[in-house]
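**Student:** Have a look at the structure that comes next, please.
The values are calculated or read from the model by the stated rules, or taken from the named source; none is laboratory data. All values reported here derive from a predicted model rather than from experimental measurement. A quick note on method: Cβ atoms are made from the backbone with ideal geometry, for glycine too, and the neighbour counts reach across all protein chains shown. Side chains are part of the model used for accessible areas, which takes the heavy atoms of the whole protein and leaves out ligands, DNA and RNA. Shrake-Rupley method; radii C 1.70, N 1.55, O 1.52, S 1.80 Å.
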Amino acid sequence: MVAHLVRLKLTLLRNGFKRSPWQLVGVILGGLYAIGVLALLISGLFFLSYTEPEMARMVVVLGGSAAFLGWALIPMMATGVDMTLDPARFVTYAVPMRQLLLGLAIGGLVGIPGVVTLVAALGQAAAWWQHPVALVAAVLCAVIATLTCVVLSRVTTSASTTLASSRRFKDLSGVIGIIPLVLLGPIMIGITEGFRSSQDFLPSLAEGLAWSPLGAVWAVPGDLALGNWGAAAARLLIAVAFLAVMAWLWKLSLARALVTPPYNAVSRKAGGKLGWFSRMPGTPAGAVAARALIYWFKDPRYGASLVSIPLIPVAVFFGLSQTGDFTFMLWLGPMIAFLLSFGISADIAYDNTAFALHVSTGVSGRDDRIGRAVACAVIALPATVVLTVLPFVFIGEWHLLAPVSGVALGVLLTGLGLSSVVSARYTYNVPLPGESPFKTPPGSTARMMLVQLGGLGVLVLLSLPELVLALIGVFTGDALWGWLALLVGVVLGAVLLVVGIVLGGRWYDRRAPELLQAVAKNK
Amino acid sequence: MSSHPSQPPAQQPDDQNPGQPPVPAGGAQAPAPAYGAQAPVPALAVRGLAKRFGEKIAVNGVNLDVPAGSFYGLVGPNGAGKTTSLSMATGLLRPDYGQVWVHGVDVWAEPLKAKRLMGVLPDGVRLFDRLTGEQLVTYAGLLRGMDRETVAARVPDLLRAMDLANDAGTLVVDYSAGMTKKIALATALIHAPKLLVLDEPFEAVDPVSAANIRDILHDYVASGGTVIVSSHVMDLVQRMCDHVAVIAGGNVLAAGTVDEVRAGASLEERFVQLVGGRTQAEGLEWLRTS
């Protein structure tokens, strides 16, 4: 039975590749990256063995605790990172609980994250080759630690899936989850500040973690190398007890999941509120715009980028606080303009097969393109204007407002035009409707990067005129160049927007059924 | 495939009499549809339709005439090519070969004009499910270019008819499977099309709603509309439809009025005869519990 489950996981993985060669490319790239990281890690650990055992112990404890945290939190945040062996799918089969648990645990190791963790955990033994007892213990601890990782991730995901069976919670967590991600920079800066202010911050952190379930197992080999036999035994006990408790919790939640299918309570609501549909013109283009706007606010995949608008300035501010020079903040407007306007370049991929409604109703390409661009502009234009002007309020340098807003508006309009063409032609897999915005369909990354980088390159080329004029304006300080940049940005951008809509519309009209086929592949 | 007509069938000067005998079965190339000046133009005419997905030939030269004003059933086992054929007939999937006319309009030459005549309920596609039911039907109407007042007047009628009035403001993502089917049907009806193409419209729909929907469809046919439904529930098709085509393995095996096709037997018996694949019940000796 255990072998069956592992083989099932392998088959699922292999069949995934068959659907698209891009997926295979993505997995190979991911695998190569993982091998590179592993090589670095293990050689680093090997060199650690020449330092004091205390040093090696601290590094292993910190790294190991981080791995535990990662396994516990990442799958929970990106609900269903890997639900291929979702326990709910085994409800109808009478698999004995112990075998199901063991099979799912080992199945969880199949795949890049599992293999990397196992190899890295075994690799930490390299740090202890000068202490034979510690070396043996390190291998044993690696097995315990890897098992704990898998079980830990299963416990946290099954706990969160119980909550996540409510759609509202799922939507909300998807949108809120972006906040720590965008603010990762400031958080890291805060931590490094902490390091700098106190010399023994890391050692004391490691010492604390070593007595917690997160770090205990990782500290055992180090203790043995240092000759602390008692502490090693105590920590091993903590680690084994932690694994046992987690396994027991997992078993409980699995037993519960197998008999209670998820249920979603919904309150019925009568109609009468058409929302954006009554605010937009009653034309096909107006309807597309209204629909897209509703999605910007109601679909977490769009909502996440909406939430990040106010966060990006914060992140950039902290990024610059190291240097103390904030003039770069003046270019926030163009940055937001790019992010938002190019964000709709995958709009049809986000529709997925719901796009069939556009095909069967025979919406013209022009109306479809205009609607989506207008919806994006309703949000992106005010955001760009506010974030262009706001830094000047704090920093001054008002004479640069004309060139910067020229670039911002130029990039916004050009980006909308470019997106109108790209989304009618180059599709790539995106998270499905209802899925977490963080979920990346396996292997779609390669094609996505290609389309996005290509798009960025073309966008820079297309907005080169206003960019060059603005830079001349900034460096010469001559106001005339700045005003020229504003004029060129708005006029050229508007022309490119119209061209993009016409061109993308024509492409759409010719290829709408093929587009539907392309997005339908992502299921 | 070069012999296919490039003009709508209605304009063909030939004077053959169509539709009287059941359309010859099989994947053989039927002659191009040809209708006299007085003969009615079929609501849907399909000639030599074929589609291949990689190695698999999903549809292998389908010919079909759906007379205007008929209630037409399309039956076939799972994987017979029903959905693929209907997707190609409604402009959602480009055929490799063959042509399709809706009331004489070539679907793949003048897609926008043809789509205006059709209401489509595709099977297995998502809906814009972050809209409320009311918004979704409104959206479908506005996408068709209808004016806001007409849409606003028709949406409550449709929601009432589908028994969804109390859930009009609920997001479609929170609908049950049957409610989702019904709201999708409403989006296909909003523009009062001349031809309705419904792929598995009764799947997951409760019996009361199904009966209501059948009444709506019968009224629609009585007033001159044409309905094509695909299903694998033979009983339902036999009771509901006046014409039927049996599809299996990407070919039309038989087509005509229900009475012609079933030839005295029940539709289900005739279907099993045509499609084959019945296994003897002795196969599972060990399944007997006593």
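**Student:** Would you be so kind as to identify which of A:Ile42, B:Ala114, A:Ala134 lies farthest towards the positive end of the dipole of the protein assembly as shown, taking Lys and Arg as +1 and Asp and Glu as -1 on Cβ and the Cα centre as origin?
**Tutor:** With unit charges placed on the Cβ atoms, the residue in question is A:Ala134.
**Student:** Between the alpha-carbon centers of the stretch A:371-395 and the stretch A:108-151, tell me the distance in whole angstrom.
**Tutor:** Result: 50 Å between the Cα centres.
**Student:** Suppose R0 equals 35 Å; then what is the FRET efficiency for A:Tyr93 and A:Ala66 from their Cβ-Cβ distance, rounded to the nearest 0.05? Could the numbers behind the result be given before it?
**Tutor:** Details: r = 37 Å, r/R0 = 1.04.
According to the calculation, E is roughly 0.45.
**Student:** Right, next: Would any residue of the stretch A:303-335 have its amide N under 12 Å from a label point 7 Å out along Cα→Cβ of A:Met188? List them or say none.
**Tutor:** Output list for this probe position: A:319.
**Student:** Further question: Just the Cα atoms of the protein assembly as shown: what Rg and Dmax do they give in Å?
**Tutor:** Expressed in Å, the Cα Rg and Dmax of the protein assembly as shown come to 31.7, 104.
**Student:** Let me ask something else. Mean residue ellipticity at 222 nm from the helices of chain A, using -39,500 (n - 2.57) per DSSP H segment of n ≥ 4 over the full residue count, to the nearest 500 deg cm²/dmol? Before the final figure, lay out each step's value.
**Tutor:** Details: 23 runs with 400 residues, N = 523.
The helix contribution divided over chain A gives -25500 deg cm²/dmol.
**Student:** Would you mind classifying the stretch B:206-256 by shape? Square roots of the alpha carbon gyration tensor eigenvalues, ordered a ≥ b ≥ c; an a/c under 1.5 is rounded, otherwise it is prolate if a/b is larger than b/c and oblate if not.
**Tutor:** Working: a/c = 2.75, a/b = 1.55, b/c = 1.77.
Since a/c reaches 1.5 but b/c is at least a/b, the shape of the stretch B:206-256 is classed as oblate.
**Student:** Which shape class, rounded, prolate or oblate, goes with the stretch A:197-245 when its Cα gyration tensor gives a ≥ b ≥ c as root eigenvalues, a/c under 1.5 marks rounded, and past that a/b bigger than b/c marks prolate? It would help to have the intermediate numbers written out before the result.
**Tutor:** On the way: a/c = 3.37, a/b = 1.46, b/c = 2.30.
Since a/c reaches 1.5 but b/c is at least a/b, the shape of the stretch A:197-245 is classed as oblate.
**Student:** Based on Cα positions only, what radius of gyration and what Dmax would you give for the stretch A:215-366, in angstroms?
**Tutor:** Here Rg and the maximum Cα pair distance are 27.2, 79 Å.
**Student:** So how many Å³ per residue does the convex hull of the Cα atoms of the stretch A:282-372 work out to? Don't skip to the answer; put the middle values down first.
**Tutor:** Numbers: hull volume 9.4 nm³, N = 91.
Output value, Cα hull per residue: 103 Å³.
**Student:** Rank A:Thr192, A:Thr157 by accessible area, highest first, at a 1.4 Å probe radius? It would help to have the intermediate numbers written out before the result.
**Tutor:** Details: A:Thr192 60, A:Thr157 20 Å².
The most accessible residue leads, giving A:Thr192, A:Thr157.
**Student:** Per-residue accessible area for B:Lys181 at 1.4 Å probe radius, Å² rounded to 10?
**Tutor:** Counting only protein heavy atoms, B:Lys181 exposes about 30 Å² to solvent.
**Student:** Only four residue types carry charge here, +1 at the Cβ of Lys and Arg and -1 at the Cβ of Asp and Glu. Report the dipole size of the protein assembly as shown about the Cα centre in Debye, rounded to the nearest 20. Show your work: numbers first, answer last.
**Tutor:** On the way: 58 positive and 51 negative charges, 122 e Å.
With Lys and Arg at +1 and Asp and Glu at -1, about 580 debye.
**Student:** For the stretch B:181-290, what D do you get in µm² per second when you plug the Kirkwood radius from alpha-carbon pairs into Stokes-Einstein at 20 °C and 1.002 mPa s? Write out the running numbers ahead of the final one.
**Tutor:** Details: Rh = 16.1 Å.
After rounding, the answer is 133 µm²/s.
**Student:** For B:Lys56, go through the lysines and keep the ones whose alpha-carbon is under 26 Å away, minus same-chain ones fewer than eight residues off.
**Tutor:** Counting by Cα, and skipping residues close in sequence, B:Lys56 has these lysines nearby: A:Lys18, A:Lys521, A:Lys523, B:Lys82.
**Student:** Just checking the output field for B:168-177: average partner chain Cβ neighbours within 10 Å of each residue's Cβ?
**Tutor:** Across B:168-177, the average partner-chain Cβ count within 10 Å equals 4.
**Student:** If you build the convex hull over the alpha carbons only and average its shadow over all orientations, what do you get for the stretch A:314-427? Give it in nm² to one decimal.
**Tutor:** Working: hull surface 32.3 nm².
Its average projected convex-hull area is 8.1 nm².
**Student:** Same structure, new question: Solvent-accessible area of B:Val275, probe 1.4 Å, all protein chains present, reported in Å² to the nearest ten, please.
**Tutor:** Its accessible surface works out to 50 Å², give or take rounding.
**Student:** Using a 1.4 angstrom probe on the protein heavy atoms only, could you order B:Lys82, A:Lys298 from most to least accessible area? Don't skip to the answer; put the middle values down first.
**Tutor:** Numbers: B:Lys82 15, A:Lys298 90 Å².
So the residues, ranked largest to smallest area, are A:Lys298, B:Lys82.
**Student:** Given a 1.4 Å probe and the protein chains all in place, what does the accessible area of B:Asp215 round to, in Å² to the nearest 10?
**Tutor:** Rounded to the nearest 10, that gives 90 Å².
**Student:** Now, a different point. In what sequence, largest accessible area first, do A:Val307, A:Val136, A:Val220 appear using a 1.4 Å probe?
**Tutor:** Result of the area sort, largest leading: A:Val136, A:Val307, A:Val220.
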